[in-house]
Amino acid sequence: MSVTESVRVRAPRLPWPGLIVLAAGVFLSITIEMLPTGLLPEMSAGLGVAEPLIGLLVSVFAFTVVVTSTPLTALTSRMPRHGLLVAVLLVLGATTLASGLVPEYWMLVAIRIVGGVAHGLFWALVAAYAARLVPEGQIGRGISITLGGGTLALVAGIPATTVLGQAIGWRPVFVVVGALALVGGLVVWRFLPRVGGADAATAARFRLDDVALAPVLLVCAVTALTMLGQYAVFTYVAPLITDVVGLEPGAVGPLLFVYGVAGAAGLVIAGSRLAVRPARAMVVAMAVAAASLVVLGLAPGVWPSLIAFAVWGLAFGAIPPLLQTRLLHAAPAAHRDAASALYTTAFNIGIGGGALVGAVLFQGLGVASLPFLYAAVLALVAFGLAREAFGAARQSRSTVAPATGPVRPPAA
């Protein structure tokens with residue numbers, strides 16, 4: 001009896017206040033990273049530079065994450081996690097606020113680099129922090145709640161800042177979001193429970209063994225290519241909507257909201273039975289996304305283009321969680337932290353590279369070329385995944401058949 005009572009007492013509920021605070025930090029971080037995407041025309045006009053150069057602000061942010069997050073995680077491994085999380089949110093807030101005040105483009109680039117340093121360190125901390133807040137058996141749920149702030153940023157944060165920026169100007173929006181991030185840092189300091197950081201150095205030094213390295217690197221390569229195509233298009237979504245689809249600038253914000261809602265639906269679908277076979281599910285999602293992008297690039301009319309835009313959001317919403325599931329299947333349990341670090345690096349290489357490739361193609365071939373580029377990338381990746389899955393299935397059958405004698409049809 002006493003043991004049962006003790007078990008009841010030791011089965012704590014999820015620490016919702018702490019997880020919600022972390023989710024709010026994720027929301028602010030993703031909103032800050034993607035803030036220029038919905039405001040390209042306004043920022044281009046205000047700073048007197050071409051729209052592709054504004055898109056490169058996303059590349060600068062992402063490449064800074066790639067270069068600095070791993071060494072900074074190692075350097076700060078002995079620092080208290082709570083104070084470090086507060087500090088990076090305050091830096092993110094201060095740099096975003098300053099972004100709305102500087103008069104020159106090159107100053108904005110420099111400020112985005114500093115913000116990218118803080119952003120990368122934030123993402124090196126946040127998932128591990130969430131895992132330490134919850135009981136061992138609820139880690140997956142706790143991390144899902146925390147990272148749900150990123151989905152909310154796509155559903156609400158980017159569309160809201162786009163609409164607000166078109167109404168009052170892009171500079172006030174940066175100031176408002178920066179001020180919110182500063183408040184977010186203070187909320188984290190006040191309401192987030194403190195945890196230790198002793199094992200951060202161990203996680204930073206984790207290495208993959210030779211057996212696990214190849215499949216993990218394959219997932220990371222697929223991730224980098226997919227994100228490169230995605231952000232080559234999504235970084236320039238505002239001129240795509242206005243110049244290719246032919247809608248007014250005021251439609252950008254509402255359409256980004258539709259895209260975010262569709263992406264959230266894709267995320268839910270990926271968490272269903274589809275995730276049992278992530279490779280096959282990814283092939284389907286990539287094929288659907290590629291088809292919708294071709295329709296979007298052809299711009300056959302407003303309504304077909306709008307439907308294609310929403311379907312693109314739905315299909316892409318399923319791809320990152322399916323990639324993450326595939327990664328965890330590929331990596332041994334002891335190496336999943338190291339595999340996740342490689343995955344994060346690949347993700348940001350794709351974001352930064354996509355914005356850069358998109359800028360070059362935008363300048364040389366026009367914004368209408370971008371959906372076709374991404375559709376071609378998705379088609380090639382989906383073909384490779386389908387071929388790999390087919391080969392693995394054949395190898396599995398040929399390995400099992402000799403050891404079991406004649407193969408009988410499975411029971412119904």
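The values are calculated or read from the model by the stated rules, or taken from the named source; none is laboratory data. Since the structure is predicted, the reported quantities are computational estimates derived from the model, not experimental observations. Reconstructed Cβ throughout: ideal geometry from the backbone, glycine too, with neighbour counts over all protein chains shown.
Of the numbered conditions (1) surrounded by fewer than 21 Cβ atoms within 10 Å (Cβ to Cβ); (2) farther than 22 Å from Thr151 by Cα, Ala251 satisfies every one except a single condition; which is it?
With respect to (1) surrounded by fewer than 21 Cβ atoms within 10 Å (Cβ to Cβ); (2) farther than 22 Å from Thr151 by Cα, Ala251 is out only on (2).
Quick check, is Leu296 more than 21 Å from Phe372 (Cβ to Cβ) and buried (at least 18 other Cβ atoms within 10 Å of the Cβ)?
no
hydroxyl-bearing (Ser, Thr, Tyr) and over 20 Å from the mean Cα position of the chain (by Cα): is that true of Thr76 in this structure?
Yes, satisfied.
Restricting to the range 71-101, count the residues that are in a helix (DSSP H, G or I) and either surrounded by fewer than 18 Cβ atoms within 10 Å (Cβ to Cβ) or not β-branched (Val, Ile, Thr) (or both).
Here the count works out to 18.
Looking at the range 227-244, which of its residues are of a type in the set (Gly, Ala, Ser) and under 17 Å from the mean Cα position of the chain (by Cα)?
Passing the criteria: Gly229, Ala232.
List pairs: first in the range 174-187 and buried (at least 21 other Cβ atoms within 10 Å of the Cβ), second outside any helix (DSSP H, G or I) and not polar (S, T, N, Q), Cβ under 7 Å, 6+ apart or cross-chain?
Every condition considered, the pairs that remain are Phe174/Gly100; Gly178/Gly100.
For the range 220-247, what are the residues that are outside any helix (DSSP H, G or I) and β-branched (Val, Ile, Thr)?
Matches in the range 220-247: Thr235 only.
Can you find even one residue in the range 21-32 that is out of contact with any Asp or Glu (no Cβ under 6 Å at 6 or more places or on another chain) and modelled with pLDDT under 85?
no
Scanning for something surrounded by 24 or more Cβ atoms within 10 Å (Cβ to Cβ) and modelled with pLDDT under 90, does the range 46-54 turn up at least one residue?
Within the range 46-54 (the criterion being surrounded by 24 or more Cβ atoms within 10 Å (Cβ to Cβ) and modelled with pLDDT under 90), the answer is yes, since at least one residue qualifies.
Report yes if some residue within the range 56-70 is at pLDDT 90 or above, touching a Ser or Thr at 6+ places or on another chain (Cβ under 6 Å) and in a helix (DSSP H, G or I); otherwise report no.
Within the range 56-70 (the criterion being at pLDDT 90 or above, touching a Ser or Thr at 6+ places or on another chain (Cβ under 6 Å) and in a helix (DSSP H, G or I)), the answer is no, since none of the residues qualifies.
Out of (1) touching a Gly at 6+ places or on another chain (Cβ under 9 Å); (2) surrounded by fewer than 21 Cβ atoms within 10 Å (Cβ to Cβ), the odd one out for Thr64 is which?
Of the numbered conditions (1) touching a Gly at 6+ places or on another chain (Cβ under 9 Å); (2) surrounded by fewer than 21 Cβ atoms within 10 Å (Cβ to Cβ), the odd one out for Thr64 is (2).
Kindly check whether there is at least one residue in the range 125-139 that is crowded, with 20+ Cβ neighbours inside 10 Å, part of a helix (DSSP H, G or I) and modelled with pLDDT of 85 or more.
no
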